[in-house]
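The values are calculated or read from the model by the stated rules, or taken from the named source; none is laboratory data. This is a predicted model, so every value here is computed, not measured. As a convention, Cβ positions derive from the backbone with ideal geometry for all residues, glycine included, and neighbour counts pool all protein chains shown.
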Amino acid sequence: MREFTIQVSQDTILDIYGIPDDRLYNVEDILFYGKKFLLEYLKSFQDQDEKTIYKNLVISLAWFLALTNRYHLDLEKMTWKRYSYKCPFCGSIPCICRAEEGIKTVKTGRPGSMKPKNLGKWQEMISKIYPNEITGDLNLLLIRRNDNLHYFYRKFLREKEKKYFNEIEKGTSDFFVIFLRVYNSLARDLADDFLWLFQDGCYICHKTPCECNYY
């Protein structure tokens, strides 16, 4: 099997859910279900149900990837542009946002050859930017970034201006990186959990493409 990259994760969700998602769900539906499983993750996290924690988190990620596919976003390209061995808000590695106020982003000029080759390497790079984080703190940030992303999409759908689509691209990268940061704080491998849930197709009907809504 080829290396499990960000693009492979997008392609996997497109293969499994692209057809039913396009036929059955609009953007608001996709946003709703992504938030629904994110809240289910938080509930299972509080209940300390380990298996359900990872299941709900990955399902929420799958709805997020469905959204990136709907808008033909190159998640890996966007995230590398914004997080190439630096925090995009302070421009430092490790991040010093909490240590200093009024920081402006600086360009670091990281060469493309340094781009992580697979999802595991992405987790390693993000762990260098944001080391030793607490899952509970990140869960709150995950919800805030999710709400921001919903706002950007709804703003774009109303106004349909390029500046709002640019906000979608930034917000998409920020939200995905929070997923990686959460997984790092949990000491889990995201690729392993993703494959555990989707290696046989849809995690419910085990079909590619998914046939759940046609029964």
Does the stretch 197-215 hold any residues that are modelled with pLDDT of 95 or more and assigned to a helix (DSSP H, G or I), and which are they? Leu197, Phe198
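The rows are residues; the columns are (1) in a helix (DSSP H, G or I); (2) modelled with pLDDT of 95 or more; (3) of a type outside the set (D, E, K, R); (4) surrounded by 15 or more Cβ atoms within 10 Å (Cβ to Cβ).
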| position | (1), (2), (3), (4) |
| --- | --- |
| Arg2 | no, no, no, no |
| Gln10 | yes, yes, yes, yes |
| Arg23 | yes, no, no, no |
| Asp29 | yes, yes, no, no |
| Tyr33 | yes, yes, yes, yes |
| Phe37 | yes, yes, yes, yes |
| Leu42 | yes, no, yes, yes |
| Phe45 | yes, no, yes, yes |
| Ile53 | yes, no, yes, yes |
Right, Ile168: loosely packed, with under 14 Cβ neighbours inside 10 Å, farther than 14 Å from Ser60 by Cα and not charged (D, E, K, R) or not? no
Assuming Ile30 fulfils every condition listed in (1) touching a Lys or Arg at 6+ places or on another chain (Cβ under 8 Å); (2) within 15 Å of Ser173 (Cα to Cα) apart from one, which condition is it? (2)
Going by the conditions given, is Val58 buried (at least 21 other Cβ atoms within 10 Å of the Cβ), under 14 Å from Leu190 (Cα atoms) and touching a Leu at 6+ places or on another chain (Cβ under 9 Å)? yes
For Leu141, are the conditions met, namely being over 15 Å from the mean Cα position of the chain (by Cα) and more than 22 Å from Leu73 (Cα to Cα)? no
